[in-house]
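Have a look at the structure below before the remarks.
The values are calculated or read from the model by the stated rules, or taken from the named source; none is laboratory data. It should be emphasised that the depicted structure is a prediction, and the values quoted were computed from it without experimental measurement. Reconstructed Cβ throughout: ideal geometry from the backbone, glycine too, with neighbour counts over all protein chains shown. To get the accessible areas, we keep the full protein, side chains included, count just its heavy atoms, and leave off ligands, DNA and RNA. Shrake-Rupley method; radii C 1.70, N 1.55, O 1.52, S 1.80 Å.
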Amino acid sequence: MHISSDEQKSLYPAPTASSTPSSQDPYRPQPQKAQLVACVHDIGTGPLLQTCRYSGGYTMYWRQGKFEITVYEARSGRAVGTTKILGISNITCDPTALVFAQDELTKTGRTMPSLTASRKALARWVEADR
């Protein structure tokens, strides 16, 4: 399955030995072999999870992200299903924050879904009989 997002940044952290089978090179995907395509769309935010305050007046508010995943058959483009998923619900403030002079002093971020939660949400299509 190929996972695509409307986010500019990566949806998931770089693969590790625990998240990717050793026989697959995560940095050389083979889209021609994909049978399904999952498109992840940001549909808003949930509750405030954490307020992080830093010296110099910088504040970061973290909210739980809400996302919708639509799964398509790669060959035909036919939608085969949709599900909703939430970003992680626990977050801790980083001890430091890199802020550039032109940045606003208050920002709101949203958490992304965990790889485990995403795999669980997509399992019904990935593990389905053909």
**OP:** Please compute the net charge surrounding T83, taking Lys and Arg as +1 and Asp and Glu as -1 over other residues with Cβ under 15 Å from its Cβ.
**Re:** +2
Subject >> Charge sum, other residues only, whose C-beta stays under 10 Å from Y58's C-beta, Lys/Arg counted +1 and Asp/Glu -1 >> reply: 0
Original post:
Where only protein heavy atoms count, and the probe is 1.4 Å, what is the accessible area per residue for the stretch 61-116 in Å²?
Top reply: 67 Å²
**OP:** List the residues whose amide H sits under 5 Å from the amide H of A34, counting only those 5 or more places along or on another chain, with H placed 1.01 Å from N in the peptide plane.
**Re:** none
Original post:
Packing-wise, with mean Cβ within 10 Å as the measure, how do 94-104, 34-44, 58-68 rank, highest first?
Top reply: 58-68, 34-44, 94-104
